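Data first, discussion second: the structure below is written as structure tokens.
Derivation of every value follows stated rules applied to the coordinates shown; laboratory data play no part. Only a predicted model underlies this, so the values are computations on that prediction, with no experimental measurement involved. Methodologically, a virtual Cβ is constructed for each residue, glycine included, from the backbone with ideal geometry; neighbour enumeration extends over all protein chains shown.
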Amino acid sequence: MTDHFEIDRDAVGKALADELPLVLRALQLWLVQLQNTIAKLEGDEHPSEKAQSYLRAHEQERTRLLDLVAEITASVAGKKREDLTRDDVAAARRFIAETWPTDTDKD
């Protein structure tokens with residue numbers, strides 16, 4: 001089935017960049033949901049093998065998502081991901097909030 005699809009990375013990148021505040025908000029909500037699920041699975045005193053497998057999968061997904069957010073932030077800050085500071089992250093969030101149009105700005 002995947003043979004029938006082609007990804008235009010430039011078009012996808014532009015679409016995501018055009019809606020970056022929305023994308024970051026969605027990623028934040030996803031992270032909250034993942035963390036809630038992980039906390040619930042970690043709270044099980046006698047987890048089944050299936051629950052342990054779910055926990056590992058959710059932890060890996062959380063790591064990938066955090067890496068993605070870090071890459072986006074690094075791009076906005078103009079730095080390498082490993083060189084980001086808390087101040088860089090805060091400044092990047094302010095920059096995104098102040099410069100990207102929202103739906104209400106488009107009206």
(request) Could you work out how far helix 20-42 tilts from the main Cα principal axis of the chain, as a 0 to 90 degree angle to the nearest 10? (result) 10 degrees
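Only Cα pairs under 8 Å and at least 6 apart count here; give the relative contact order of the chain as a rounded whole percent.
Once divided by the residue count of the chain, the mean separation gives 29 percent.
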(request) Note the per residue figure in Å³ for the convex hull of the C-alpha positions in the chain. (result) 169 Å³
(message) Can you tell me the orientation of helix 49-77 relative to the chain, as the angle in degrees between its alpha-carbon axis and the longest Cα principal axis, to the nearest 10?
(response) 20 degrees
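Gain in length, residue 95 to residue 5, computed as 0.36 nm per residue apart minus the alpha-carbon separation, to one decimal in nm?
28.9 nm
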(message) I'd like the orientation of helix 9-18 relative to the chain: the angle between its Cα long axis and the longest Cα principal axis, in ° from 0 to 90, rounded to 10.
(response) 80 degrees
(message) Treating only the Cβ of Lys, Arg, Asp and Glu as charged (+1, +1, -1, -1), what charge dipole size does the chain show about its Cα centre? Round to the nearest 20 debye.
(response) 280 debye
(request) Treat each spin label as a single point 7 Å out from the Cα along the C-beta direction, and report the residue 48 to residue 27 distance in nm. (result) 3.4 nm
